[in-house]
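What follows is one structure encoded as structure tokens, with my remarks underneath.
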Amino acid sequence: MIKNKRGITFLLAGLTCFSALLTLKESKATDVLSKHNYAYHITEIVPAAVKKDARKVLETKAKSAYLMDSATATPIYAHEEEKRLPIASMCKIMTLILTFETIKKGDLSMDEEICISENASSMGGSQVFLESNAKYPVKELIKSIVVCSANDSCVALAEKIAGSESIFVEKMNEKARQLGANNTLFANCTGLPKEPQYSCAKDVAIMLNELTSYEEYFRFGKIWTDKFAHPEGRFTEITNTNRLVRFYDGCDGGKTGFTNQAGFCLAATAKRDNMRVISVVIGEESSDNRFHDVRTMFDYAFANYKVEPVVKEGARISASRSRR
């Protein structure tokens, strides 16, 4: 896990013949090892002398907000980023992480069918109305979570992976600790109100960034509208709750959330050229505000920064080059 804060030293591992301590300093490029096994640095397109201050440009109405580059985990903008708040359905990001992790390990497959319990089919809130005792392919359940935030599909996958939702939640909290999401506590796999349960904008960004490391996620993250297949030929029409997928150039994933307690929330990712950014807002007053603020953060990142590879995996770098 790479932690990226001003004045903090980072330990890079996993790149052949490249093991060094690097220090992030304000207004300078940052060399790090990304999840794609390349070393990158993020640089400013606009000179610092004329670049608009992010704090003035990105005055969001959110209770908490965070914007970061994906490859280097460099923060570009932060507002109350570690404030513990309810995040509603954005907690499904962790549910999806554990699902894709289980698939990667070979303990679950996309085409495997899951028999739906009465408990899962009885979930309220957003759902695709799963039929109790019917069987559904894992890929359909994943699609319904990513696209329309289906609570019933979350519980069905949790029960399949861990045996029960409660044990699955323990795995969610363990994974959060592994990722360094230290201001996060899950109480269920859906984000439905239950105490105690909280996270923060920075932690949600860390989790969404982890989710984007699974390429199969984007099979579903970019879907705008689709049909969810039920047994015996019945279909449910589903539409992505993240409208930036359709209306923002480069947005290919994310997760919305809303409860009366959490307000309107959004974590989204967008990629242009070789730069991917992650943006999170929590506690917005309206749905329009969350999409506007995330769009504005995306625009700022792409207008002011770029990410460039420094060295490919396996390259030999002298000790003197690998230190700043």
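Under the condition of being among the charged types (D, E, K, R) and either crowded, with 24+ Cβ neighbours inside 10 Å or under 11 Å from the mean Cα position of the chain (by Cα) (or both), the residues counted in region 84-102 number 1.
Taking region 112-211 as the region of interest, the helices (runs of 4 or more DSSP H) fully inside it that hold 3 or more residues being more than 16 Å from the chain's Cα centre (by Cα) are 118-121, 138-148, 151-162, 165-179. Among the hydrophobic types (A, V, I, L, M, F, W, C), in contact with a Lys or Arg (Cβ under 8 Å, 6 or more places away or on another chain) and modelled with pLDDT of 95 or more, is that true of Phe298? It is false that Phe298 is among the hydrophobic types (A, V, I, L, M, F, W, C), in contact with a Lys or Arg (Cβ under 8 Å, 6 or more places away or on another chain) and modelled with pLDDT of 95 or more. For region 249-274, a residue qualifies if it is β-branched (Val, Ile, Thr) and either in a loop (DSSP other than H, G, I, E, B) or crowded, with 17+ Cβ neighbours inside 10 Å (or both), and the qualifying residues are Thr256, Thr269.
There is no residue in region 50-71 that is in contact with a Leu (Cβ under 8 Å, 6 or more places away or on another chain), at pLDDT below 65, acidic (Asp, Glu) and farther than 20 Å from Arg290 by Cβ. Scanning region 109-119 for residues that are buried (at least 16 other Cβ atoms within 10 Å of the Cβ) and touching a strand residue (DSSP E or B) at 6+ places or on another chain (Cβ under 9 Å) returns Ile114, Ile116.
Looking across region 176-192 at every residue that is surrounded by fewer than 21 Cβ atoms within 10 Å (Cβ to Cβ) and in contact with a helix residue (DSSP H, G or I) (Cβ under 8 Å, 6 or more places away or on another chain), the one that is nearest to Ala120 (Cα to Cα) is identified as Leu192. Taken together, Arg316, Arg246, Arg321 contain a single residue that is surrounded by fewer than 14 Cβ atoms within 10 Å (Cβ to Cβ) and either at pLDDT 95 or above or assigned to a strand (DSSP E or B) (or both), which is Arg246. Of all residue pairs spaced 6 or more apart or on separate chains, those with beta-carbon atoms under 7 Å, a first member in region 136-164 that is in contact (Cβ under 8 Å) with a residue 24 or more places away in the chain and over 13 Å from Ser117 (Cα atoms) and a second member that is of a type in the set (D, E, K, R) and crowded, with 23+ Cβ neighbours inside 10 Å are Ile145/Lys92; Ser149/Lys92.
Could you check region 223-243 and list, in sequence order, the residues that are part of a strand (DSSP E or B) and not aliphatic (A, V, I, L, M)? Selection gives Thr225, Asp226, Lys227, Phe228, Phe235, Thr236, Glu237, Thr239. Among the conditions (1) touching a helix residue (DSSP H, G or I) at 6+ places or on another chain (Cβ under 9 Å); (2) farther than 14 Å from Ala301 by Cβ; (3) surrounded by fewer than 16 Cβ atoms within 10 Å (Cβ to Cβ); (4) modelled with pLDDT under 95, the only one that Met123 does not satisfy is (3).
The values are calculated or read from the model by the stated rules, or taken from the named source; none is laboratory data. These figures come from a predicted structure and were not determined experimentally. Here the Cβ is made from the backbone with ideal geometry for all residues, glycine too, and neighbour counts use every protein chain on show.
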